[in-house]
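Colleague: I'd like to ask some things about the structure below.
The values are calculated or read from the model by the stated rules, or taken from the named source; none is laboratory data. Nothing here was measured: the structure is a model prediction, and the numbers come from that model. All Cβ positions, even for glycine, are placed from backbone atoms using ideal geometry, and neighbour counts span all protein chains on display. Accessible surface is based on the protein model in full, side chains and every heavy atom, while ligands, DNA and RNA are left aside. Shrake-Rupley method; radii C 1.70, N 1.55, O 1.52, S 1.80 Å.
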Amino acid sequence: MDSPHQSKKTNLNREPKRTQNPISAPPQKDAYARLLSQHRSSKFSLYLEQYTKDSSFKREGNGPGPGNCPGPTLGVQSDRLNIPQRKKDPVLQDFSDSSDFSPSSLKNVGGESSLSLYMEKLSSRSAQQECERKQGASDFQRRGQRRDTTTSQDGDIESGEEVGSLPNNAKKHQKQQKKNKEPNRDAASREAELSVEHPQSPKKMTGEQDKVKKSKKKTSPKQPVEEKNAEGILKCGTNPQMSSQDKRLQQTRTSSINSLADKNKNKGGRGSKKQVFENYMTFEEVSHGLKGRQLIQGQLRINPKKYHEAFIPSPDDTLDIFLDGIVARNRALNGDVVVVQILPREQWKVVRPDSDCGATSESETQAENATQKTQKKTPYSPNPDVIVEDHYSDQDELASKFRNTLSDTGEPVEDPSATRPNAGILQKTAKVVYIVEKKHSRAVTGFLKFLPDKPFAMFSPVDHRVPRINIPLSDCPHDFSSRAGDYTNTLFICRITDWAIDSNFAEGRLAKTLGQAGEIEPETEGILTEYDVDFSDFSDEVLDCLPKKLPWTIPPEEMKKRRDLRNECIFTIDPATARDLDDALSCKQLPDGNFEVGVHIADVSYFVEEGNALDANASQRATSVYLVQKVIPMLPRLLCEELCSLNPLTDRLTFSVIWKITPEGKILNEWFGRSVIRSCVKLSYDHAQSMIEAPEKLFSPEELPPVDPQHPIDEIHQAVLNLHSIAKHLRAQRFQEGALRLDQLKLSFTLDKESMMPQGCYIYQYRDSNKLVEEFMLLANIATAHHIYRKFPELALLRRHPPPKAKMADELQELCNQLGIDVDLSSSGALHKSLNTLLGDDEYASARKEVLTHMCSRPMQMAMYFCSGVVREKEHFKHYALNVPLYTHFTSPIRRYADIIVHRLLASSLKCGPRLGLSADEVEKQAARCNDKKTLSKRVHELSTELFFGVFVKECGPLDSQAMVMGVLDQSFDVLVLRYGVQKRIYCKTVAGLSSFHHHKVGKTSELTLVWIPEDLEGPPIEQVISIFSLVEVQLKADGAPMKYSAVLKRPEDGGS
């Protein structure tokens, strides 16, 4: 069976010649052998083998006449394969699937006669087929019937309604459709492959076959139209030229086809639709399959740059399982928890190292490059036919690039579709058979397209991972039908309501008109909606749970229950723009030379009573979401910014952990309890950094925010210095004991206060003041984790971090070895030590560290919340990066709901609060929700950053910067743009001024040699070598699409690198 790679590879020459006349055939055995040696398609082999048997059968006079009926197996196969000379099967032509072989390549085989016979099969048209074609075409135009799944240039599913509504442009559209299918025929080719594996599947005739069928219209002889039977099979008149043997053959085929059609409910009569997707398994079948390990459950990840590629994690920690196309995904969307069935081994994917596309074909890579060229030349229009590349890179794209940079250690196989011998490994492929949980919001932003004479409009999502959606015209603006052009640049939000089994397109309802594409606020609202962020106003029911009497003061009875710390020197250190201040620090030197260090956290659980409407809403939101220009709070602002926020010079309720600690950071004892504090000053990280960098300086009141007169500035300054000194010891001790930190560049912006538009951007500096706060927050979280687990071993909400995926870590180790980098991946501590002792001390050492850090982050898994009573193996509690056995989140309850649960557990353990009213399973369920929401909020923040940087490039660009190469593929390479910390892929075919480029290996590592056309045409060409850690010059330029930008490689000044 051909791999998916093979079927795509031969996509370049899909149309057979139609003018070649049939000639007499030599003995089929020799032609068969020659053809089979050239083409490895099982479907083509089956056809030739069956045709040979048929021909010899007829020559011996043993045709399927009376008493010579074929057996059951041949009877079924005759629908597709038993095709006598000069006669065509009236219904199915699966052998014409160009994914299996390229007719143009047959010319070189030497079997001219066999080729002629084959061409005759493709080009001749019998009376039965012509009448079916004419009848089908007229029905198609009347009903606007949908075609099989195909793709347009923007990577979306092509709409059959558009063809049905434009009969006068049918030929033009077919021609365009052919072009569109060439580079990226995903679902159609896979449906054809499925028809090979399952001959009785309802997906026998794909969009590709329909295209071949339509393309022969000009050469087809006209025949009278005949009637159809109840199952839609044509009952054609008898050809008087037809021999009795051929008549019997036709009757045999027709009867077999009818029997198949009886079984296939989806191939009904006129007006019926063909089934596109498989039915889901029942819950019982899925449960049985999961228990027996015939099925696998996992979360679906769809590649945002190549939407036809999807993955789920492999349970054995090997290469992810690959899902090829939307048919295999079976209506599941990105993030959904699905159950999949592994496909037969012959359908697994060949993964080649050093390929832009993994196991995809060169033609697809060329198409992707053409896409980018078109995008650069074409002014932006939200019309679905305009190509809009998704420039952001997510974890799947990075993982894909990482896999393709390395030579896998799995089973080597030869990829017969490669243009040159190239080894690879087999990657398991699968199909979705059940959706466990629809985690995708089913809400998307996009554009409306008017379809004449249709009761609906076509919604084209910006995210190509989501299908096109049919929207009732009643949902559209009232003048949309008459003035559709007015809305070409308008962003809408649509919610998917259904996706039928027999449709390539989902059904949906228009939820909201956002505004003009390219503007920050409409785009931001679209991001929030797509990622299911609740940014609505808090309901009256929720607000009723807040204190009614304002200004609020601490009740005297509550003061009596708490430790009064209001006279202590306690202060906050936060970003300058922060308004939700949920942690404060204190440090007092004791007479014995040790220190009393306190971490004081806002007591949010006092205000958020378990079980009320406020609590329910917070548990659903689970986290605050931070955008560049604003915050979507988890709690009402009265709590976030006032009653809970540890604002200066105000009495506030807190949960405190206080240690007695030596100057070297050794903890002597600790205390937990509820307290009351009064912050004496709100310091920013800049203020604290200034104090650290100038230990002898006397700061004036003008240099700091307002300070409580009870505490002199010098006292605060000394406390910061003492905390810094202790934090350095704690940090050194942590890394000595095996902790790991992977710092990656973070982009920040300066905004105009009125318009909130970006005025500038910079790489955020992680300095000693940040490290100071981080150390004591980590210390408090670790201490709290041990405390609540000791008190509630079955109920504690903890946070674990699994170790890196073993296979990806091994691949990274191999890559580093090939690059001559001595990286030790045996443990988190060993990796941290490697990253901080390698890569030289020149001016680009930090850049090389950034690239290597990024490479090391790819195998890492996400940290996650869990309930200690559900995860039984205690070794799974461990936090890999921190290298601690127990960890939790305690220090940010204003913005994280997990911390509120931990506060309740802590209060219960200290007998200063009620017992937690949740079971272990309920805690685990809430932990899972917190995990999901945290992942989404992180992604939203990244998209917000990309949105603002896209605007910044458009308004202030082009922007020049040095960049360092992060990875090299066969036709492209990835760079880290050092000035801005963004990562971009540069495609060699789009680089202006290149005469050629060559990919080659040095050992096992990839290199590209770029040959530049000399500026002086008489001079020699300039060669530039691209390898990992190469330094290049790039220019960031805005694309035609709003918010999008490209990295353009600049000509090397010194003639090479």
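Colleague: Any idea what the dipole of region 909-961 comes to, in debye rounded to 20, about its Cα centre with Lys/Arg Cβ at +1 and Asp/Glu Cβ at -1?
Modeller: That gives a dipole near 380 debye.
Colleague: I need the P(r) histogram for region 684-769: all alpha carbon pairs, bin width 10 Å from 0 out to the longest distance, whole percents.
Modeller: 13, 31, 30, 22, 3
Colleague: What is the Cα radius of gyration of region 736-882 over 2.2 N^0.38 Å, N being its residue count?
Modeller: The reported ratio for this selection is 1.29.
Colleague: What residues qualify as long-range amide H neighbours of Asp651, i.e. H under 5 Å apart, gap of 5 or more or another chain, H built at 1.01 Å from N?
Modeller: none
Colleague: May I ask for log10 I(q)/I(0) of region 902-1057 at q = 0.14 Å⁻¹, from a Debye sum over the Cα atoms as equal point scatterers with solvent left out?
Modeller: One equal scatterer on each Cα of region 902-1057 leads to -0.78.
Colleague: Evaluate 2.2 N^0.38 Å with N set to the residue count of region 456-566, then give the Cα radius of gyration divided by it.
Modeller: Values: Rg = 23.0 Å, N = 111, 2.2 N^0.38 = 13.2 Å.
Against the empirical 2.2 N^0.38 Å value, I get 1.74 for region 456-566.
Colleague: Here's another thing I want to ask about it. With θ taken as phi - 60° and the coefficients 6.51, -1.76 and 1.60, list the Karplus ³J(HN,Hα) couplings across region 1002-1016 in order, rounded to whole Hz; mark glycine and proline as x.
Modeller: 10, x, 10, 9, 8, 9, 10, 10, 9, 10, 8, 5, x, 5, 8
Colleague: In terms of the Cα gyration tensor, with a ≥ b ≥ c the square roots of its eigenvalues, is region 802-929 rounded because a/c is under 1.5, prolate because a/b exceeds b/c, or oblate?
Modeller: Taking the square roots of the gyration eigenvalues as a ≥ b ≥ c, region 802-929 is prolate.
Colleague: Moving on. List, in the order given, every pair from Lys728/Lys984; Lys630/Lys746; Lys849/Lys954; Lys431/Lys805 whose Cα-Cα distance in the structure shown is over 25 Å. Don't jump to the answer; show the numbers that get you there.
Modeller: Details: Lys728/Lys984 36 Å; Lys630/Lys746 17 Å; Lys849/Lys954 30 Å; Lys431/Lys805 23 Å.
Pairs exceeding the cut-off: Lys728/Lys984; Lys849/Lys954.
Colleague: What GluC sites (Glu not before Pro) does region 627-670 have in DSSP loop regions with at most 10 other beta carbons within 10 Å?
Modeller: For GluC sites (Glu not before Pro) across region 627-670 that sit outside H, G, I, E and B with at most 10 neighbouring Cβ atoms in 10 Å, the list is empty.
Colleague: For the pairs Lys438/Lys878; Lys274/Lys449; Lys1004/Lys1044; Lys938/Lys1044, note any where the Cα-Cα span goes beyond 28 Å.
Modeller: Checking Cα-Cα distances, Lys438/Lys878; Lys1004/Lys1044 exceed 28 Å.
Colleague: Right, something else. Given that compact globular proteins tend to follow 2.2 N^0.38 Å, what is the ratio of the alpha-carbon Rg of region 445-496 to that value?
Modeller: That ratio works out to 1.04.
Colleague: Let me ask something additional. Please work out whether region 660-701 counts as rounded, prolate or oblate from its C-alpha gyration tensor, where a ≥ b ≥ c are the square roots of the eigenvalues and a/c under 1.5 means rounded, while otherwise a/b larger than b/c means prolate and anything else oblate?
Modeller: oblate
Colleague: Show me, bin by bin at 5 Å from 0, the whole-percent P(r) of region 537-635 based on Cα pairs.
Modeller: 2, 9, 15, 18, 18, 17, 12, 5, 3, 2, 0
Colleague: Sorted by accessible area (1.4 Å probe), largest first, how do Trp659, Trp348 line up?
Modeller: I get Trp348, Trp659, largest accessible area first.
Colleague: I'd like the Karplus ³J(HN,Hα) series for region 677-682: coefficients 6.51, -1.76, 1.60, θ = phi - 60°, whole numbers in Hz, and an x wherever there's a Gly or Pro.
Modeller: Coupling constants for region 677-682: 10, 9, 4, 8, 6, 9 Hz.
Colleague: Turning to a different aspect of this structure: So how far apart, in nm, are the two label points at Glu558 and Ala806 if each is 7 Å from Cα heading toward Cβ?
Modeller: Once both label points are built, they end up 5.2 nm from each other.
Colleague: What list of ³J(HN,Hα) values in whole Hz, one per residue of region 856-861 in order, does the Karplus curve 6.51 cos²θ - 1.76 cosθ + 1.60 (θ = phi - 60°) give from phi, with Gly and Pro shown as x?
Modeller: 6, 6, 5, x, 5, 9
Colleague: As an exercise, use a Förster radius of 35 Å and the Cβ-Cβ distance of Tyr626 and Ser995 to find the FRET efficiency, rounded to the nearest 0.05. Walk me through the numbers before you get to the answer.
Modeller: Numbers: r = 47 Å, r/R0 = 1.34.
The calculated FRET efficiency here is 0.15.
Colleague: Then there's this: Mean separation of Cα pairs under 8 Å and 6+ residues apart, divided by the residue count of region 968-1057: what relative contact order is that in percent?
Modeller: Relative contact order, region 968-1057: 23 percent.
Colleague: Please get the size of the charge dipole for region 935-1013, origin at its Cα centre, with Cβ charges of +1 on Lys and Arg and -1 on Asp and Glu, quoted in debye to the nearest 20. The partial results should precede the final answer.
Modeller: On the way: 9 positive and 7 negative charges, 35 e Å.
That gives a dipole near 160 debye.
Colleague: Lys911 versus Arg979, label points 7 Å from Cα toward the beta carbon: distance in nm?
Modeller: It works out to 6.5 nm between the two label points.
Colleague: How large is the dipole of region 804-943 about the Cα centre if only Lys and Arg carry +1 and Asp and Glu carry -1, each at its Cβ, rounded to the nearest 20 debye? All intermediate terms of the calculation are to be shown ahead of the outcome.
Modeller: Details: 20 positive and 17 negative charges, 196 e Å.
It comes to approximately 940 debye.
Colleague: Of Thr553, Thr577, Ser539, whose Cα points farthest to the positive end of the dipole of region 532-598 (charges on the beta-carbon: +1 Lys, Arg; -1 Asp, Glu; origin at the Cα centre)?
Modeller: Thr553
Colleague: I would also like to ask the following. Can you tell me the Rg and the Dmax, both Å, for the Cα atoms in region 917-1003?
Modeller: Rg, Dmax (Cα atoms, Å): 20.8, 70.
Colleague: Give me the distance in nm between label points sitting 7 Å out from Cα along the Cα-to-Cβ direction at Ser846 and Gln744, one decimal.
Modeller: Each label point lies 7 Å from its Cα, and together they span 1.9 nm.
Colleague: Averaging over every viewing direction, what projected area does the convex hull of the Cα atoms of region 862-916 cover, in nm²?
Modeller: 4.6
Colleague: Could you pull out every residue, at least 5 positions away or on a different chain, whose amide H is within less than 5 Å of the one on Lys512? Hs are placed 1.01 Å off N in the peptide plane, and Pro or chain starts have none.
Modeller: Ile493
Colleague: I would also like to ask the following. Val884's amide H: which non-local residues (gap 5+, or another chain) put their own amide H closer than 5 Å, with H modeled 1.01 Å from N in plane and none for Pro or chain starts?
Modeller: Here the answer is His879, since their amide H atoms fall under 5 Å of that of Val884.
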